[in-house]
Amino acid sequence: MNAHEHSPDSRLKQAEKIVSHPEQYKVCEGCGSIVVMRAVTCPSCHAYRFDATAVRVVAQAKDLALRAASSVLSTDLS
């Protein structure tokens with residue numbers, strides 16, 4: 001990812017997208033990442049337990065939008 005994708009503005013826009021359609025997402029119980037509903041395992045930690053309730057997805061999206069990105073992705077290492 002580039003620096004722009006980690007910017008607070010882009011994180012807020014992504015959170016707004018998730019909050020407007022929480023039924024399309026779920027929260028990984030292993031690491032707290034928000035993933036699309038069709039994901040079988042978490043791309044970040046490979047866990048397979050999720051919370052798909054709208055309340056949890058919205059709360060996690062708001063929480064993640066307000067803090068700095070801390071994940072290291074494969075694209076960050078190349």
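The values are calculated or read from the model by the stated rules, or taken from the named source; none is laboratory data. Not measured: the values here are computed from a predicted model. No Cβ is skipped: glycine too gets one built from the backbone with ideal geometry, and neighbour counts run over all protein chains shown.
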Filter result (at pLDDT below 95 and in a loop (DSSP other than H, G, I, E, B)) within segment 47-78: ARG67, ALA68, ALA69, SER70, SER71, VAL72, LEU73, SER78
Hits in segment 17-28 (condition: under 11 Å from GLN60 (Cβ atoms) and not in a helix (DSSP H, G or I)): TYR25, LYS26, VAL27, CYS28
Residue list for segment 9-46, restricted to those being of a type in the set (Lys, Arg) and surrounded by 15 or more Cβ atoms within 10 Å (Cβ to Cβ): ARG11, LYS26
